[in-house]
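The values are calculated or read from the model by the stated rules, or taken from the named source; none is laboratory data. A quick note: this is a predicted structure, and the numbers were derived from the prediction, not measured. Positions of Cβ are generated from backbone atoms using ideal geometry, with glycine treated the same way; all protein chains shown enter the neighbour counts. Accessible surface areas use protein heavy atoms only, side chains included; no ligands, DNA or RNA. Shrake-Rupley method; radii C 1.70, N 1.55, O 1.52, S 1.80 Å.
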Amino acid sequence: MSETLKPATADQVVDAVAQALAAGTPLEVVGQGSKRAIGRPMEAESRLDLSKLTGISLYEPAELVLRAAAGTPRAEIEAALAAERQRLAFDPPDLGALLGGPAGRGTLAGMVVPNLGGPRRLSAGAPRDHLLGYKAVSGRAEAYKAGGRVMKNVTGFDLCKLMAGSWGTLGVLTELTLKVQPLPETSRTVLLLGLTDGLGVRALSRAMGGPHEVAAAAHLPAGVAALSKVAAVARAGAEGRAVTALKVEGPGPSVAHRAGGLKTDLADLSADAEDIHDAQGATLWQEIRDATLLAEPAEGLIWRLSVTPMRGPEIAHAIVQRLPGTRGLYDWAGGLVWLAVPGDTAQGDGGAGPIRRALAEHGGGHALLLRGPEALRARVAVFQPEDRVTAALSRRLRLGFDPRLILNRGRLIAEQPEE
Amino acid sequence: MRMPEPDATTLDRRLSVVHELRRMVPEPGGVIHDPDELAVYECDGLTAYRQLPLVVVLPQTTRQVAQVLKYCHETGVKVVPRGAGTSLSGGALPLADGITLGLGKFNRILEVDLENRCAVVQPGVTNLAISTAVAGQGFYYAPDPSSQIACSIGGNVAENSGGVHCLKYGLTTNNLLGLEFVTIEGEVIRLGGKHLDSPGYDLMGVITGSEGLLGVVTEVTVRLLPTPATARALLMGFESSEAAGDTVTAIIAGGIIPAGLEMMDRPAIHAAEAFCHAGYPLDAEALLICELDGPEAEVEHLIEQVAAIARGKGANSLRVSADEAERQAFWAGRKAAFPAVGRISPDYYCMDGTIPRHQLPHVLGRMRQMSAEYGLDVANVFHAGDGNLHPLILFDANRPGDLEKAEAFGAEILKLCVEVGGVLTGEHGVGVEKRDLMPVMFEPVDLAHQQQVKCAFDPRHRLNPGKMFPELHNCAELGRLHVSGGRMPFPDLPRF
Ligand SMILES: Cc1cc2nc3c(=O)[nH]c(=O)nc-3n(C[C@H](O)[C@H](O)[C@H](O)COP(=O)(O)OP(=O)(O)OC[C@H]3O[C@@H](n4cnc5c(N)ncnc54)[C@H](O)[C@@H]3O)c2cc1C
């Protein structure tokens, strides 16, 4: 890596991209670098570091809208929101610890551009659903804007959707405008103990289909539950009982009422239920959000699968058959399967083949290799491969926004610029 | 409204186009070219613009759609996708030299999967039919445009339609899980499925709201939600739109996200009351309808909070629905606002800008001034929770010059929306109607980046040309890079 460029203004970002474009040398785009270890290893000669591009420029709590520079630290955004009793609805994971770094780092753009949502994504939507507008510099070294600051906007193509999930390959965002959410008064988490994976996910599905407005729904097999810092969860896990968790949020009386309702409605599946309160619940949901329960051993490979919710368990079981020693947990009512695959598979394909075959055989979905050694990430498809037609469209979009593949070249797929 | 010049060779080839389409879609009624029958398709919900299409084709299978599109791509014929034709922005307005491709025969619900809370439907199914199909099992599809008995889910996807419930539940784009989609090259792709957040570029996201410019949607997987245990509404009258606006702000600032939060101004209240006797307070300058849904205990609690807020802001009338019939009655006037206004005026023109909510009093004030200047009345219904305005401009198309005045007035309102930080359209789309206003909101470089998407999907501009963009650039030209190496060495750029 020859140099790091640290622009402090959007104009300087234009200069940096123009320079790279003129020289034909690709750039690695980073915020604080908290997710650098995700994706294929990039082919980059310089680094474009956006951590100097900071500051909240507009925050109107009564309109649920916040605008800030791309490199604004996550902590600053969270503190500003908390002061007004608000939050980011999509519950962005903090993958620092999982990826072997410190927790609590990251930038605003880093929370949105990968389009990774946490447990609340199930009920509140993904980052892509909350990005109202942005300013960016495309791979054409042109600064432009898209979207707006209002909640409802169908003026022209919805480029916000493309940026969330682009992993920095369609443009360098310099400013983002987000929809934010009021903090609920309180929350409660109902725990059902001792269900099999299949029954656990069935309970989650039934709860999601019922009247209690469940905000988050996860199932932790006993071995994983045992690692929790929440006593009730760890105890159940240690006794060999899985933990199925359902979170309800809202005004106090409503939360109590709904937690009770959930227990009644699911009593035929599990007689053994208890509640945990706000603070303990926060710990548990953070453990699930950040996959910290799967972080050890450090050489384990972490896969993140999005699947048809009710088919989560059969997919996980098919994978465990083929990759013995794999552990995991279910979020999103079964639709998000986190897997820790033994590190020794990294010599081969890291489980990519068996995992993706299981998906294909059980209703489809996709798998992301979220953590793995660089050599493995260079060798296997980190992101779910696209079919021929979709891949061709994606390539054309990529070339439209970044004709010379200057930005994060190779991060999503192996790619070369056109001759 | 200027449309692209019809292509003379295509017009001359009309019979051969009809013949080719018949070969691809041989079923009876699959190809329509009799001028009388074509008249049904000559406009959409924006009836001021009319044009007979070259020919209408009504395919029944994805394969047929693919054949038609490939044919258009290869032989240079334009094509306009069409759902139920309720667009209010002229998105489905035919082209004289273009095929109108109707999805009306794609009218089946293919699968309802309640365990995974989704339904797989064909694009011609109406919005309401989805909710109706699952209502018995306690589910519904959340986005609810007022046109929901008629509009198609494919049209909803193409317009990213909203409704009164989108404050809490989002627009169409937030309620989709998967799409089947045919490109202009006749390739079929499947995006998403029953799972969330597909990797790679969010093609489903950018297709949603693309107004038929990128391809044809042939199947939709929608997210279903459980029907809330209860829904109750408050009806609140205020002496000023400021007081009503302050109430809206205080509700949301207080952490409450109602299922619906609608405002009407005095002319709209009077028109609606005369039309359906909903019991609206006729002395109010502004009326708010606030609906809360969810678990019973929560709704009780929030109703009290909202009522307290409204009283604090000076509501001079306040009713809480006691039962389902009363809740429906509160809504009846709001839902019938368009036809109600249609009764007091020979014609009306419905606008659709969005503004930052705190700008409401200012925008309403300016609108009153404009109304005086143009000599045309305006009634306002407003999705107050999310700042989406629907000013209805009253005019008489039979009075010479009135339509032009109404259009000019409408354009001025939309410019005002942009000026105060809002946008040209909140849910009805750009279509032909707002096409030429796009530069008010976007710089050429912004539009050029949007058009990169068009070029990736439809580089020859066969799909719905003349809509959304005031000018479609040649894709090869647009693709060219404009970089001067001479700007080096960028002395200002901090390096390490
Ligand atoms: C009385 C009335 C009330 C309304 N209320 C609302 C409201 O509350 N909220 C709201 O958002 N809208 C509203 N609308 C506008 C309109 O109903 C919506 O835009 C609706 O989604 C259009 O659906 P449609 O099936 O009629 O589409 P059409 O009008 O047929 O087409 C609309 C656009 O979509 C494209 N299209 C249609 N089907 C497909 C397909 N399968 N694939 C690709 N492109 C396609 C067309 O080319 C066109 O550009 C209202 C309209 C009326 C007349």
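Before moving on, here are some points about what is shown:
- At a threshold of 50 Å², none of the residues of segment B:241-268 becomes that much less accessible to a 1.4 Å probe in the full protein assembly than in its chain on its own.
- Acute angle (nearest 10 degrees) that the helix A:352-361 long axis makes with the longest principal axis of chain A, alpha-carbon atoms: 60 degrees
- Calculated FRET efficiency for the pair residue B:372/residue B:47, C-beta based, R₀ 30 Å, to 0.05: 0.65
- Using distinct alpha-carbon pairs, which all enter the 1/r mean, Kirkwood radius of segment A:319-419 in Å: 15.3 Å
- Within the listed set A:130, A:362, A:257, the residue fluctuating most in the Gaussian network model of chain A (springs between alpha-carbon atoms under 10 angstrom) is A:257.
- Using only alpha-carbon positions in segment B:417-480, the gyration tensor eigenvalues give semi-axes of 22, 14, 9 Å once each is multiplied by 5 and square-rooted (largest first).
- Local electrostatic count at residue B:411 - Lys and Arg +1, Asp and Glu -1, tallied over other residues with Cβ under 10 Å: -2
- More than 15 Å apart - percent of Cα-Cα pairs taken over segment B:345-435: 54 percent
- Computed FRET value (nearest 0.05) for residue B:2 with residue B:23, which takes r as the C-beta separation and R₀ as 51 Å: 0.90
- Taking a sphere under 13 Å around the Cβ of residue A:285 and counting the other residues whose Cβ falls inside, with K and R at +1 and D and E at -1, yields a net charge of 0.
- Accessible surface buried at the B:A interface totals approximately 7900 Å², computed with a 1.4 Å probe on protein heavy atoms.
- Entry comment: accessible area of the protein assembly as shown is 34 Å² per residue, from protein heavy atoms only and a probe of 1.4 Å.
- Fraction of accessible area attributable to carbon and sulfur, chain A (%, probe 1.4 Å): 51 percent
- Computed over the protein assembly as shown, the ratio Rg/Rh where both radii use C-alpha atoms and Rh is Kirkwood: 0.96
- Solvent-accessible area lost in complex, 20 Å² minimum, residues of segment A:41-81 relative to chain alone, 1.4 Å: A:62, A:63, A:64
- Ranked by how many other beta carbons lie within 10 Å on average, peptides B:209-217, B:310-318 from highest: B:209-217, B:310-318
- Look at the alpha carbon pairs under 8 Å that are at least 6 residues apart: their mean separation over the length of chain B gives a relative contact order of 14 percent.
- Counting Cα-Cα pairs of segment B:53-100 in 5 Å increments starting at 0 gives whole-percent bin shares of 5, 21, 28, 26, 14, 5, 0.
- Listed residues A:322, A:202, A:404, most fluctuating in chain A (Gaussian network, C-alpha, under 10 Å): A:322
- Surrounding net charge for residue B:10, when Lys and Arg each add one and Asp and Glu each subtract one, Cβ distance under 9 Å: 0
- Within segment B:355-386: backbone nitrogen closer than 18 Å to the residue B:240 label point (7 Å, Cα to C-beta): B:357-369
- Highest-MSF residue in chain A out of A:115, A:408, A:153 [GNM, Cα springs under 10 Å]: A:153
- Taking label points 7 Å from Cα along the Cα-to-Cβ direction, residue B:496 and residue B:440 give a separation of 4.5 nm.
- Cα-based equivalent ellipsoid of segment A:75-150: semi-axis lengths in Å, sorted from largest, via gyration tensor: 23, 17, 13
- Globularity index of segment B:36-149, i.e. its alpha-carbon radius of gyration over 2.2 N^0.38 Å: 1.22
- For chain B, the longest principal axis of the Cα atoms and the long axis of helix B:402-419 meet at an angle of about 80 degrees.
- The sum of -39500 (n - 2.57) across all DSSP H runs of n ≥ 4, divided by the residue count of chain A, sets its helix-only mean residue ellipticity at 222 nm to -9000 deg cm²/dmol.
- Computed over chain A, Kirkwood Rh from alpha-carbon pairs, angstrom: 22.1 Å
- Here segment B:218-340 exposes an accessible surface that is 53 percent carbon and sulfur, computed with a 1.4 Å probe and the other protein chains kept in place.
- Near-label residues of segment B:232-267 by backbone N, under 19 Å of a point 7 Å along Cα→Cβ of residue B:308: B:233-236, B:246-258
- Distribution of pairwise C-alpha distances over segment B:384-456, 5 Å bins, in %: 3, 13, 21, 23, 17, 12, 7, 4, 1, 0
- Relative compactness, segment A:1-183, computed as alpha-carbon Rg over 2.2 N^0.38 Å: 0.98
- The eigenvalues of the Cα gyration tensor, multiplied by 5 and square-rooted, give segment A:186-290 an equivalent ellipsoid with semi-axes of 19, 16, 11 Å from largest to smallest.
- Taking Cα atoms only, the orientation of helix A:252-265 departs from the longest principal axis of chain A by about 60 degrees.
- For the pair residue A:265 and residue A:196, a Förster radius of 30 Å applied to the C-beta separation gives a FRET efficiency near 0.95, rounded to the nearest 0.05.
- Paramagnetic reach from residue B:482 in segment A:137-177 [backbone N under 12 Å; point 7 Å along Cα→Cβ]: A:141-143
- Charges were assigned to the Cβ only: +1 to each Lys and Arg, -1 to each Asp and Glu. The resulting dipole of segment B:345-435 about its Cα centre is roughly 240 debye.
- Mean Cα-pair separation over length for segment B:8-102, i.e. relative contact order, pairs under 8 Å, 6 or more apart, %: 34 percent
- Inverse of mean 1/r across different Cα pairs in chain B, Kirkwood, Å: 24.1 Å
- Within chain B, helix-based [θ] at 222 nm, where runs of 4 or more DSSP H residues each add -39,500 (n - 2.57), nearest 500: -10500 deg cm²/dmol
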